[in-house]
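Here's the structure we're looking at; comments come further down.
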Amino acid sequence: MSRIGKLPINLPAGVSVTVNKDNSVTVKGPKGELTQQIDVDINVSVEENTVVLERPSEQKRHKAMHGLYRSLMNNMVFGVSEGYKLQQELVGVGFRATSNGQILELALGYSHLIHMEIAPEVNVTAVTEKRANPIITLESCDKQLIGQVAAKIRSFRKPEPYKGKGVKFVGEQLRRKAGKSAGK
């Protein structure tokens with residue numbers, strides 16, 4: 001049996017889970033509401049303050065979906081109760097970030113500014129302090145969406161291996177390369 005799939009999901013106070021007839025699961029909590037379509041073969045049962053997922057057989061496909069949907073539901077429960085937060089750091093001379101509502105404006109060393117509209121489910125803030133790199137903070141209840149937005153921001157200027165300039169996650173260790181060695 002799947003070690004991840006067989007674990008029950010404990011529901012914190014204030015979180016409710018409803019399962020429709022078409023096997024779509026809705027999780028509501030203090031931070032928001034999320035919906036996920038579950039495969040019809042996977043059985044979802046809600047008992048008091050736990051959710052249990054069961055599979056019909058030992059087929060490889062059922063085993064894979066069992067662990068996948070259990071992880072997705074656990075991420076949904078954590079998201080609506082506590083939420084997810086990602087921080088990205090802009091490393092480079094002249095790199096700037098400002099946020100006006102859901103519009104993120106980035107200056108990443110190109111000849112033009114980059115304007116990015118952020119999904120309404122994600123809260124974005126950009127902080128720039130003296131003598132420190134600008135930091136972009138993303139907060140949301142949807143783990144998949146916040147990861148996708150962070151990956152899109154990072155794709156504008158990935159960190160390069162020589163000086164480390166670019167958009168990186170706070171606390172991320174980059175693999176650095178040695179530059180050209182001087183002539184002998």
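Data for the structure
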| item | result |
| --- | --- |
| Neighbours by Cβ (under 8 Å, 6+ apart or cross-chain): first from the range 41-53, more than 13 Å from Gly67 (Cα to Cα) and hydroxyl-bearing (Ser, Thr, Tyr); second assigned to a loop (DSSP other than H, G, I, E, B) and open to solvent by less than 60 Å² (accessible area, probe 1.4 Å) | Thr50/Leu11 |
| Complete set of residues in the range 91-116 that are assigned to a strand (DSSP E or B) and either open to solvent by 60 Å² or more (accessible area, probe 1.4 Å) or closer than 20 Å to Pro161 by Cβ (or both) | Val91, Arg96, Thr98, Asn100, Ile103, His115 |
| Residue check for Gly67: within 30 Å of Gly164 (Cβ to Cβ), at pLDDT below 95 and open to solvent by less than 90 Å² (accessible area, probe 1.4 Å) | no |
| Where Val170 falls short, out of the listed (1) over 24 Å from Lys31 (Cβ atoms); (2) surrounded by fewer than 13 Cβ atoms within 10 Å (Cβ to Cβ); (3) out of contact with any Pro (no Cβ under 9 Å at 6 or more places or on another chain) | (1) |
| Members of the range 1-31 found to be loosely packed, with under 15 Cβ neighbours inside 10 Å and either more than 13 Å from Val51 (Cα to Cα) or modelled with pLDDT under 90 (or both), listed by number | Met1, Arg3, Ile4, Lys6, Ala13, Gly14, Asn20, Lys21, Asp22, Ser24, Pro30 |
| Some residue of the range 135-146 being exposed (fewer than 12 other Cβ atoms within 10 Å of the Cβ) and either more than 20 Å from the chain's Cα centre (by Cα) or part of a strand (DSSP E or B) (or both) | no |
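The values are calculated or read from the model by the stated rules, or taken from the named source; none is laboratory data. Please read all numbers here as calculations on a predicted model, not as lab measurements. A quick note on method: Cβ atoms are made from the backbone with ideal geometry, for glycine too, and the neighbour counts reach across all protein chains shown. In case anyone asks, the SASA skips ligands and DNA or RNA and just uses the protein heavy atoms, side chains included. Shrake-Rupley method; radii C 1.70, N 1.55, O 1.52, S 1.80 Å.
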